[in-house]
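*Asks:* Once you've had a glance at the structure underneath, I'll fire off some questions.
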Amino acid sequence: MTTRRLVLSRGAAFVGAASTGLLLPQIARSQSNKIRVGFMLPYTGTFAQLGVAIENGVRMAIAEKGGKLGGREIEWFKVDDESEPSKGVENANRLVQRDKVDVLIGTVHSGVQMGIQRVARESGVLNIIPNAGVHAATRGLCAPNVFRTSFSNSQPTRALGKPMMDKGLKRTVWITWKYAAGDEAFEGFKESYTAAGGTIVKELGLPFPNVEFQALLTEIASLRPDAVACFFAGGGAAKFIRDYAAAGLKDRIPLWGSGFLTEGVLDAAGPAAEGIMTTMHYADSLDTPRNKQFRTAYATQFKMQPDVYSVQGYDSGLLLAQGLAAVKGDMGNKPALYKALETQVIDSPRGKWSMSKSHNPVQDIYLRRVENKDNKVIGIAAKALADSGAGCRMA
Ligand code: PHB
């Protein structure tokens, strides 16, 4: 009886508060007026360092713009997605439903992005993709509230085939992790390499994130191709590079790849990485004041060298800061917000880029060679390359 009365009287008090507009939690929230920004990134596993680099980049860009978004202070949230696709929806909902974020920044892994994509499309929450290249995100499942600041999976490798053929490498074995990122990187490679007259001798693969490369390296040795081309990234890439050299292949069969192979791993891979040729939308040694200023500031702040993931994070921060400044922090007027984000030109360390209609960067792809632990620019492999955006219909 006592309990019931207590409940009733509390209920009455609650109704009273509501009718006089005194719902305290709501008042506290609207008064604070903070923008809630959630990171959904891998902080453990083979892509852990990618998640850290992205978060560093985002925070650095926003700090440089005064530490606010459209004049509003920021409240940060964080979820480790472990690069685990089966938990993608659940983890995205932690940020969207539980933490009620206004912006979800994530993620790295294409399979996990498919979970975020679903939650973003259903909830309408603003999603900035700072890495995951899965085609569907800016093609068949594109959405007005989803913007990618990185690349589509076939974008870097669409610039890979021609420079290989220019070097007379006519027969190539392809090797990758078998999931969307590897399969779609292969699409770009196949298209560009066969168009230039090359022959793909064999496609090899292993499940993500396995690093048992030995049997596949033995097979490569027996196939004796002119070159090997691949997609690997993060900790697994460092191991692939070392195992490739240890198997005695480094000086016999040149190793090429999309540039993720040599991003953030050059210390871990050591001399085994020297000479690897890749195509990518960034290079450490880009000789521009913008890149130099970025690299010095990042190294000073985080006591480590930036890589393409730091740049993609940084550009995500710039996009948010510029877009929200344009609408003065008002995220309520969605058409105005999306228009502002769509029309920004990002003055990136990689070079200036803009959004395609399907919300993917239109950008230059560089040809690079690892020299003295540095991704050195050899030239531009593709100018202002856009993803096709095939099948994208903005709702
Ligand atoms: C992806 O899964 O989309 C992915 C992951 C790591 C990379 C690039 C793409 O470096």
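Derivation of every value follows stated rules applied to the coordinates shown; laboratory data play no part. Note that the coordinates shown come from a computational prediction; the quantities given were computed from them, not determined experimentally. Positions of Cβ are backbone-derived with ideal geometry, glycine not excepted, and every protein chain shown enters the neighbour counts.
*Asks:* In a GNM of the chain with a 10 Å cut-off on Cα contacts, which of LEU216, LEU286, LEU41 has the highest mean-square fluctuation?
*Replies:* Fluctuation is largest for LEU216.
*Asks:* Say we join alpha carbon atoms closer than 10 Å with springs in a Gaussian network model of the chain; which of SER258, SER123, SER154 then has the biggest fluctuation?
*Replies:* Fluctuation is largest for SER123.
*Asks:* What do you get for the angle between helix 180-195 and the principal long axis of the chain? Use alpha-carbon atoms, 0 to 90 degrees, nearest ten.
*Replies:* Tilt relative to the chain: about 40 degrees.
*Asks:* Let me ask you something else. Residues with amide H under 5 Å of GLN305's amide H, sequence separation 5 or more or different chain, H placed in the peptide plane at 1.01 Å from N; which?
*Replies:* The answer is none.
*Asks:* Okay, helix-only estimate at 222 nm for the chain: each DSSP H run of n ≥ 4 adds -39500 (n - 2.57), divide by all residues, round to 500 deg cm²/dmol; what do you get?
*Replies:* Values: 13 runs with 155 residues, N = 395.
Value at 222 nm, helices only: -12000 deg cm²/dmol.
*Asks:* Let me ask another. Which percent of the Cα-Cα distances in the stretch 33-129 go past 17 Å?
*Replies:* Values: 2136 of 4656 pairs.
That tail contains 46 percent of the Cα-Cα pairs.
*Asks:* If you build a Gaussian network model of the chain, linking Cα atoms that sit under 10 Å apart, which residue out of PHE232, PHE39, PHE213 swings the most?
*Replies:* Maximum fluctuation in the GNM of the chain, among the listed residues, is at PHE213.
*Asks:* A follow-up question, please. If amide H atoms are built 1.01 Å from N in the plane of the peptide, which residues on other chains or at least 5 residues away come under 5 Å of the amide H of ASP80?
*Replies:* none
*Asks:* Another question, if that's okay. Arranged by the count of other C-beta atoms within 10 angstrom, fewest first, what order do ASP99, ASP287 take?
*Replies:* Numbers: ASP99 17, ASP287 8.
Going from sparsest to densest Cβ surroundings: ASP287, ASP99.
*Asks:* Let me ask another. Can you tell me the order of 376-385, 164-173 when each peptide is scored by its average per-residue count of other Cβ atoms within 10 angstrom, highest first? Intermediate values should be presented prior to the final figure.
*Replies:* Details: 376-385: 15.8, 164-173: 17.3.
Going from most to least packed, we get 164-173, 376-385.
*Asks:* Then there is this: Would you mind checking the pairs LYS167/LYS383; LYS100/LYS352; LYS65/LYS334; LYS178/LYS303 and listing those with alpha carbons more than 26 angstrom apart?
*Replies:* Working: LYS167/LYS383 20 Å; LYS100/LYS352 33 Å; LYS65/LYS334 23 Å; LYS178/LYS303 34 Å.
Among LYS167/LYS383; LYS100/LYS352; LYS65/LYS334; LYS178/LYS303, the Cα-Cα distance tops 26 Å for LYS100/LYS352; LYS178/LYS303.
*Asks:* A follow-up question, please. Place the peptides 349-356, 218-225 in order of packing, highest mean first, counting for every residue the other Cβ atoms within 10 Å and averaging per peptide. Walk me through the intermediate numbers first.
*Replies:* Numbers: 349-356: 19.5, 218-225: 14.1.
With the highest mean Cβ count within 10 Å placed first, the list reads 349-356, 218-225.
*Asks:* Next question. Compute the acute angle (0 to 90°) between the alpha-carbon long axis of helix 234-246 and the principal axis of greatest extent of the alpha-carbon atoms of the chain; round to the nearest 10°.
*Replies:* 10
*Asks:* Now for a different question. Can you work out the FRET efficiency for the pair ALA268 and LYS292, with r the C-beta to C-beta distance and R0 = 22 Å, to the nearest 0.05?
*Replies:* Values: r = 25 Å, r/R0 = 1.11.
FRET efficiency, ALA268 to LYS292: 0.35.
*Asks:* For the chain, what is the convex hull volume of its Cα atoms per residue in Å³? Present the calculation step by step, with values, prior to reporting the outcome.
*Replies:* Values: hull volume 60.4 nm³, N = 395.
Per residue, the Cα convex hull of the chain comes to 153 Å³.
*Asks:* Let me ask another. Loop only by DSSP, 14 or fewer other Cβ within 10 Å of the Cβ. Give me the trypsin sites (Lys or Arg not before Pro) in the stretch 295-334 that pass, ordered by residue number. Show your work: numbers first, answer last.
*Replies:* Numbers: sites: ARG295, LYS303, LYS328; in loops: LYS303, LYS328.
Here the trypsin sites (Lys or Arg not before Pro) that fit, given the DSSP loop and packing criteria, are LYS303, LYS328.
*Asks:* Please state the shape class of the stretch 304-395: rounded when a/c is under 1.5, otherwise prolate if a/b exceeds b/c and oblate if not, all from the C-alpha gyration tensor. Intermediate results must be reported in sequence, preceding the final value.
*Replies:* Numbers: a/c = 3.13, a/b = 1.67, b/c = 1.88.
Verdict is oblate for the stretch 304-395.
*Asks:* Additional query: Quick one: angle between helix 2-19 and the longest Cα principal axis of the chain, in degrees between 0 and 90, rounded to 10, please.
*Replies:* That works out to roughly 80 degrees.
*Asks:* Under 16 Å Cα-Cα from LYS376, which lysines qualify once same-chain neighbours fewer than 8 residues away are excluded?
*Replies:* Answer for LYS376, where 16 Å is the Cα cut-off: LYS292, listed by chain and number.
*Asks:* Something else: Tell me the net charge near MET355. Cut-off is 13 Å between Cβ atoms, MET355 excluded, with +1 for each Lys or Arg and -1 for each Asp or Glu.
*Replies:* Values: positive: ARG148, LYS339, LYS352, LYS357; negative: ASP315, GLU342, ASP387.
Neighbourhood net charge equals +1.
*Asks:* Oh, and also: Going by the alpha-carbon gyration tensor, a ≥ b ≥ c the square roots of its eigenvalues, is the stretch 222-261 rounded (a/c under 1.5) or, if a/c is not under 1.5, prolate (a/b greater than b/c) versus oblate? Before the final figure, lay out each step's value.
*Replies:* Values: a/c = 2.52, a/b = 1.45, b/c = 1.74.
Note, shape of the stretch 222-261 comes out oblate.
*Asks:* Just rank VAL265, VAL327, fewest to most, by other beta-carbon atoms within 10 angstrom. Mind dumping the intermediate values first?
*Replies:* Details: VAL265 25, VAL327 18.
Placing the least packed residue first, the sequence is VAL327, VAL265.
*Asks:* Residue by residue through the stretch 325-337, what is 3J(HN,Hα) from phi via Karplus (6.51 cos²θ - 1.76 cosθ + 1.60, θ = phi - 60°)? Round to whole Hz and write x for glycine and proline.
*Replies:* So the Karplus estimates, Gly and Pro as x, are 5, 5, 9, 6, x, 7, 9, x, 8, 4, x, 5, 4 Hz.
*Asks:* Is the shape of the stretch 154-279 rounded, prolate or oblate, going by the alpha carbon gyration tensor and its root eigenvalues a ≥ b ≥ c, with a/c under 1.5 for rounded and a/b larger than b/c for prolate?
*Replies:* Working: a/c = 1.38, a/b = 1.25, b/c = 1.11.
Taking the square roots of the gyration eigenvalues as a ≥ b ≥ c, the stretch 154-279 is rounded.
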